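The values are calculated or read from the model by the stated rules, or taken from the named source; none is laboratory data. Keep in mind it's a predicted model, so treat the numbers as computed, not measured. Reconstructed Cβ throughout: ideal geometry from the backbone, glycine too, with neighbour counts over all protein chains shown. Surface areas here come from the heavy atoms of the whole protein model, side chains and all, with no ligands, DNA or RNA. Shrake-Rupley method; radii C 1.70, N 1.55, O 1.52, S 1.80 Å.
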Amino acid sequence: MVVVNMSGEVEQGKWKPSSELPLHLAVYQARKDIKAIIHTHSVLATAFAVCRQEIPVVAEDLAQVVGGPVRVADYAHPGSVELALNAVKALGQEDNAVLLANHGLVVLGNDFPTALQRCRVIERNAQIIIWSKVLGSPYILTPEKIAELRKNYLCDYGQK
Ligand SMILES: [Zn+2]
């Protein structure tokens, strides 16, 4: 584990930070609401990233846990400041995840368990969509239905 400050200077640890340090710093700067970022090259989400196709909402958990479709940021070289800026632009102030074109996935959360849960849900949904396209044409949920699922999940879902 390497601990860096918001200027990217190493404060703890003997290792070099990730080559995607500019990405992590830019997202933390842009999104004061989040406290955890996971960047992964998970295979099925990356399949969408290389096709530069967003992961649409076809199952309830993507709406509930992630809050909407996972959009694709414009392509940039891995580790570059341009990649970081493209990711920040595509995320905006609302999205909790973004695909990096021809690269992988970036997922945000208030904490690491939430970000990891979102990674798992996104990978599951990527798999569902790929299989559903083998069977036919998946129905994509409307923005209204997505908002309703998200609201119910945040307010009423599960044990209190
Ligand atoms: Zn990467």
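Using the Cα centre as the reference, give the magnitude of the dipole from point charges on the C-beta atoms of region 36-111 (Lys, Arg: +1; Asp, Glu: -1; all else neutral), rounded to the nearest 20 debye.
220
Suppose a student asked you for the relative contact order of region 10-160, using Cα pairs under 8 Å spaced at least 6 residues apart; what percent would you report?
That works out to 31 percent.
If the reach is capped at under 28 angstrom between alpha carbons, list the lysines near K16, excluding any in the same chain fewer than eight residues apart.
Hits, sequence-local ones excluded: K32, K35, K89.
Report ³J(HN,Hα) in whole Hz for each residue of region 16-26, in order, from the Karplus equation J = 6.51 cos²θ - 1.76 cosθ + 1.60 where θ = phi - 60°; Gly and Pro get x.
Each residue's phi maps through the Karplus curve to give 6, x, 3, 5, 8, 3, x, 5, 4, 5, 5 Hz.
Find the eigenvalues of the gyration tensor of the Cα atoms of region 97-157, then list the square roots of 5 times those eigenvalues as equivalent ellipsoid semi-axes, largest first, in whole angstrom.
21, 19, 10
For the chain, what does the helix formula give at 222 nm: sum of -39500 (n - 2.57) over DSSP H segments with n ≥ 4, over the residue count, nearest 500 deg cm²/dmol?
Mean residue ellipticity, 222 nm, calculated: -13500 deg cm²/dmol.
Using the per-residue mean of other Cβ atoms lying within 10 Å as a proxy for protection, in what order, highest first, do the peptides 122-128, 7-13 fall?
122-128, 7-13
Over the chain, average the accessible area per residue using a 1.4 Å probe and give it in Å², no decimals.
58
Based on the mean of other beta carbon atoms within 10 Å per residue, what is the order of 146-155, 87-96, 64-73, most packed first?
64-73, 87-96, 146-155
Once you treat every alpha carbon in the chain as an equal point and sum by Debye, what is log10 I(q)/I(0) at q = 0.08, 0.13, 0.14, 0.18 Å⁻¹?
Computed log10 I(q)/I(0) values: -0.24, -0.61, -0.71, -1.10.
Taking the Cα centre of the chain as origin, sum charge times position over the Cβ atoms of Lys and Arg (+1) and Asp and Glu (-1), and report the length of that vector in debye to the nearest 20.
Dipole magnitude for the chain comes out near 180 debye.
Of Y139, L91, Q29, which is farthest along the charge dipole of the chain in the positive direction, counting Lys and Arg as +1 and Asp and Glu as -1 at C-beta?
Y139
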